[in-house]
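Student: My structure is below; once you've seen it, I'll send some questions.
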Amino acid sequence: MKAACIVFGTLCLIFFVIGCIPCFGWLAFLNLFLSLVGIIVGICGATTLPQGKKGPGIACIIMCSISLIFGGLRVLLVFVGYL
């Protein structure tokens, strides 16, 4: 579960950064779904791991939340017409 948490968190941030490039905007939409799945995996990882090993789950929740918030704002700005 630790490896899945780290992979999801890293992929979310990478997809967010690449999704900000104009021709790769479709990754921003994929990033929203991936961030939601990553938050769920992070919560499962943080609750099932023992007390001293919850770091990757919490890191995944933080990275995916950042990616979801800023990615959602980017998609919202595209729909409104500012980008």
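Student: Which of the residues belonging to the stretch 17-50 are within 16 Å of residue 77 (Cα to Cα) and under 8 Å from the mean Cα position of the chain (by Cα)?
Tutor: Correct list: 31, 32.
Student: What number of residues within the stretch 1-56 are closer than 19 Å to residue 69 by Cα and of a type in the set (Ser, Thr, Tyr)?
Tutor: Number of matching residues: 2.
Student: Go through the stretch 1-14 and give me each residue that's more than 8 Å from the chain's Cα centre (by Cα) and buried (at least 22 other Cβ atoms within 10 Å of the Cβ). Reasoning before the result, please.
Tutor: The first filter runs over the stretch 1-14 and keeps only residues more than 8 Å from the chain's Cα centre (by Cα), leaving 1-7, 14.
The answer is 5, and nothing else.
Student: Is it the case that residue 33 is in a helix (DSSP H, G or I), touching a Leu at 6+ places or on another chain (Cβ under 6 Å) and not small (Gly, Ala, Ser)? Walk me through it before giving the result.
Tutor: Details: in a helix (DSSP H, G or I): yes; touching a Leu at 6+ places or on another chain (Cβ under 6 Å): no; not small (Gly, Ala, Ser): yes.
No: the conditions fail for residue 33.
Read-outs: derived from the displayed coordinates by stated rules, not from any lab. All values derive from a computational prediction rather than experimental measurement. Because the Cβ atoms are built from the backbone with ideal geometry, glycine has one as well, and the counts that use them run over all protein chains shown.
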